[in-house]
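Q: Here's a structure for you.
The values are calculated or read from the model by the stated rules, or taken from the named source; none is laboratory data. Note that the structure is a prediction, hence the values are computed from the model and not measured. Note that we place each Cβ from the backbone using ideal geometry, even for glycine, and neighbour counts take in every protein chain shown. The protein model used for the area step is the full one, side chains on, heavy atoms only, and it has no ligands, DNA or RNA in it. Shrake-Rupley method; radii C 1.70, N 1.55, O 1.52, S 1.80 Å.
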Amino acid sequence: VKNLIFILIILLLAGGIWLWQEASRRYGKVAVVLYGDNQQMELSLAENGVYDIDTGTYTVHLQVEDGKIRFIDSPCPDHLCEDFGWLEKSGDYAVCMPASTLCRIEDSK
């Protein structure tokens, strides 16, 4: 019985550590958005939402969900930025050239 309790405690601790690391990996990041004439904003990946960013040329739409971000419904002619899909790891990025917009994932400070 003591061995079973010990094993259960170890498993609970391991599970807690894994959950903490997963939360840090997903929600300890921000999306840095560079757009327009040298403008910049940071979007937390911890809070879901849709963001409309007026770049001066186009209004691009970004969606944050479950610690990830992506371009959605961009009015640019080729829609290549939408094809980048979800960004979630540090260093991931997507660019909308017609709208002069870059979205890059970084660790929060």
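Q: Looking at (1) open to solvent by less than 70 Å² (accessible area, probe 1.4 Å); (2) out of contact with any Ser or Thr (no Cβ under 7 Å at 6 or more places or on another chain), which one does ASP73 not meet, given that it meets all the others?
A: (1)
Q: Please work out which residue is least open to solvent (accessible area, probe 1.4 Å), limiting yourself to region 28-40 and to residues that are under 16 Å from PRO98 (Cβ atoms) and touching a residue at least 40 places away in the same chain (Cβ under 8 Å). Reasoning before the result, please.
A: Start the filter on region 28-40 by keeping residues that are under 16 Å from PRO98 (Cβ atoms), which leaves 33-37.
Applying the additional criterion that residues be touching a residue at least 40 places away in the same chain (Cβ under 8 Å) yields 33-36.
On the way: VAL33: 0, LEU34: 54, TYR35: 26, GLY36: 30 Å².
Restricting to residues being under 16 Å from PRO98 (Cβ atoms) and touching a residue at least 40 places away in the same chain (Cβ under 8 Å), the top hit is VAL33.
Q: Now a separate question. In region 76-95, how many residues are closer than 14 Å to VAL33 by Cβ and surrounded by 15 or more Cβ atoms within 10 Å (Cβ to Cβ)? Lay out the reasoning, then the answer.
A: Taking region 76-95 and keeping what is closer than 14 Å to VAL33 by Cβ, we get 81, 84, 87, 92-95.
Those still in the list that are surrounded by 15 or more Cβ atoms within 10 Å (Cβ to Cβ) too: 81, 84, 87, 92, 94-95.
Adding up the residues that qualify gives 6.
Q: Does region 52-70 hold any residues that are more than 14 Å from GLU42 (Cα to Cα) and more than 11 Å from the chain's Cα centre (by Cα), and which are they?
A: Correct list: ASP54, THR55, GLY56, THR57, TYR58, THR59, VAL60, HIS61.
Q: For region 89-109: of the residues being of a type in the set (Lys, Arg) and outside any strand (DSSP E or B), which is modelled with the highest pLDDT? Walk me through it before giving the result.
A: Residues of region 89-109 of a type in the set (Lys, Arg): 89, 104, 109.
Keeping just the survivors that are outside any strand (DSSP E or B) gives 89, 109.
Working: LYS89: 92, LYS109: 68.
Per the criteria, the residue is LYS89.
Q: May I ask you to list the residues in region 41-65 that are open to solvent by 10 Å² or more (accessible area, probe 1.4 Å), under 13 Å from ALA31 (Cα atoms) and part of a loop (DSSP other than H, G, I, E, B)?
A: Selection gives ALA46, GLU47, ASN48.
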